[in-house]
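A short write-up of the structure that comes next.
The values are calculated or read from the model by the stated rules, or taken from the named source; none is laboratory data. From a predicted model like this one, the values you see are computed outputs, not experimental measurements. With ideal geometry, Cβ positions are generated from the backbone for all residues, glycine too; neighbour counts draw on all protein chains shown.
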Amino acid sequence: MRAPDTSDTSIAVIFHSGQGHTAALAHAVVSGIEATGAKAALFDADSAILRLDELAQFDGLVFGSPTYMGSVSAKFKAFMEESRLARGQWRDKVAAGFTNSASQSGDKLNTLVQLTVFAAQHGMLWVSLGLRAGNNSTQGSIDDLNRLGSFLGVMAQSNVDQSAEFTPPQSDRDTAFNLGQRVAMVAQQLRVGKYLEEGSVCMPM
Ligand SMILES: Cc1cc2nc3c(=O)[nH]c(=O)nc-3n(C[C@H](O)[C@H](O)[C@H](O)COP(=O)(O)O)c2cc1C
């Protein structure tokens, strides 16, 4: 019995972005997924609503929203509510999240908590960021990975007077890249684990 080809692992990134800042993170997550050899697909929240069946084909889903008024944006919330029609199809898939806002805090944690609860409502397996907190000592800088010191998912910050060409900074994009890699690797491990479990009945004693 041959081991499964882990390059078959696929992750969808579903996001909303008003001015392109959160979209920049979504692209970085996709790059991180692809760097592992896994396949990635990008869906904006509007189109994802119409393609729920397609999302069920992926091994994992990564959710991204700007933080608006201390929570996910209305467009992302519309996707969340419509996803009730997925009816258990996302159970045991991996999930992770990212958010971006103007202030250093900006109540981004609330958005990540919202995304975590959302994933749990679908019975998904949440993948944390898995990075040490950056920029928290005299040796630190805004160039550090995970410069905003998040653990639940990616937090990024974009100055209100700069376009997505300039902000969020590279460190935040790299943090998002890192999450993409981590989610893909966890999804790959779960695929292999599932194969071993199923294949174990055929293993020689
Ligand atoms: C309606 C609205 C509400 C916002 N609320 C917050 C907020 O609660 N905290 C914060 O730090 N920034 C807030 N912002 C700023 C955005 O999060 C910030 O501009 C972000 O970069 C937008 O990302 P996007 O270009 O992907 O939409 C808000 C912006 C808008 C338009």
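Does Asp161 fit the bill of being part of a helix (DSSP H, G or I) and within 14 Å of the ligand (Cβ to nearest atom)?
Spelling it out, it is not the case that Asp161 is part of a helix (DSSP H, G or I) and within 14 Å of the ligand (Cβ to nearest atom).
Within the stretch 79-90, take every residue that is among the small types (Gly, Ala, Ser) and surrounded by fewer than 16 Cβ atoms within 10 Å (Cβ to Cβ) and give me the one that is nearest to the ligand (Cβ to nearest atom).
Ala86
Please list, ordered by residue number, the helices (runs of 4 or more DSSP H) wholly in the stretch 1-70 having 2 or more residues that are within 15 Å of the ligand (Cβ to nearest atom).
Passing ranges, in order: 21-35, 45-50.
Could you count how many residues in the stretch 103-118 are closer than 11 Å to Ser65 by Cβ, under 14 Å from the mean Cα position of the chain (by Cα) and not polar (S, T, N, Q)?
3
Can you tell me which residues in the stretch 71-86 are within 12 Å of Ile14 (Cβ to Cβ) and either within 16 Å of the chain's Cα centre (by Cα) or not in a helix (DSSP H, G or I) (or both)?
Listed by number, the residues that qualify are Val72, Phe76, Phe79, Met80.
Just name the residue that is farthest from Thr67 (Cα to Cα) out of those in the stretch 158-176 that are touching a residue at least 40 places away in the same chain (Cβ under 8 Å) and surrounded by fewer than 23 Cβ atoms within 10 Å (Cβ to Cβ).
The residue in question is Asp174.
Test each condition in (1) over 24 Å from Asn178 (Cα atoms); (2) in contact with a Leu (Cβ under 9 Å, 6 or more places away or on another chain); (3) not aromatic (Phe, Trp, Tyr) for Leu50 and report the one that comes out false.
With respect to (1) over 24 Å from Asn178 (Cα atoms); (2) in contact with a Leu (Cβ under 9 Å, 6 or more places away or on another chain); (3) not aromatic (Phe, Trp, Tyr), Leu50 is out only on (2).
Within the stretch 133-141, is even one residue surrounded by 14 or more Cβ atoms within 10 Å (Cβ to Cβ), under 14 Å from the mean Cα position of the chain (by Cα) and more than 10 Å from the ligand (Cβ to nearest atom)?
Checked against the condition, which is being surrounded by 14 or more Cβ atoms within 10 Å (Cβ to Cβ), under 14 Å from the mean Cα position of the chain (by Cα) and more than 10 Å from the ligand (Cβ to nearest atom), the stretch 133-141 yields no hits at all.
Please work out if Gln121 is within 16 Å of the ligand (Cβ to nearest atom) and at pLDDT 95 or above.
When the stated conditions are applied, Gln121 does not pass them.
Suppose we filter the stretch 147-156 for residues that are within 13 Å of the ligand (Cβ to nearest atom) and surrounded by fewer than 21 Cβ atoms within 10 Å (Cβ to Cβ); how many remain?
Adding up the residues that qualify gives 0.
Can you tell me which residues in the stretch 109-139 are over 28 Å from Arg87 (Cα atoms) and either touching a Cys at 6+ places or on another chain (Cβ under 7 Å) or touching a residue at least 12 places away in the same chain (Cβ under 8 Å) (or both)?
Gly130, Leu131, Arg132, Ala133, Gly134, Asn135, Asn136
Here are some conditions: (1) within 14 Å of the ligand (Cβ to nearest atom); (2) more than 18 Å from the chain's Cα centre (by Cα); (3) on the phi < 0 side of the Ramachandran plot. Arg173 meets all but one. Which one does it not meet?
Going through the list (1) within 14 Å of the ligand (Cβ to nearest atom); (2) more than 18 Å from the chain's Cα centre (by Cα); (3) on the phi < 0 side of the Ramachandran plot, Arg173 breaks only (2).
Could you check the stretch 119-132 and list, in sequence order, the residues that are over 13 Å from Met155 (Cβ atoms) and over 13 Å from the mean Cα position of the chain (by Cα)?
Ala120, Gln121, His122, Gly123, Arg132
Show the residue pairs meeting these rules: Cβ distance below 8 Å; 6+ apart or different chains; first residue within the stretch 93-107 and more than 28 Å from Val186 (Cβ to Cβ); second residue within 14 Å of the ligand (Cβ to nearest atom) and assigned to a strand (DSSP E or B).
Final answer for the pair search is Ala102/Gln157; Ser103/Gln157; Gln104/Gln157.
So for the stretch 162-176 (the condition being within 21 Å of Gly37 (Cα to Cα) and either out of contact with any helix residue (DSSP H, G or I) (no Cβ under 9 Å at 6 or more places or on another chain) or β-branched (Val, Ile, Thr) (or both)), does at least one residue qualify?
Taking every residue of the stretch 162-176 in turn, at least one turns out to be within 21 Å of Gly37 (Cα to Cα) and either out of contact with any helix residue (DSSP H, G or I) (no Cβ under 9 Å at 6 or more places or on another chain) or β-branched (Val, Ile, Thr) (or both).
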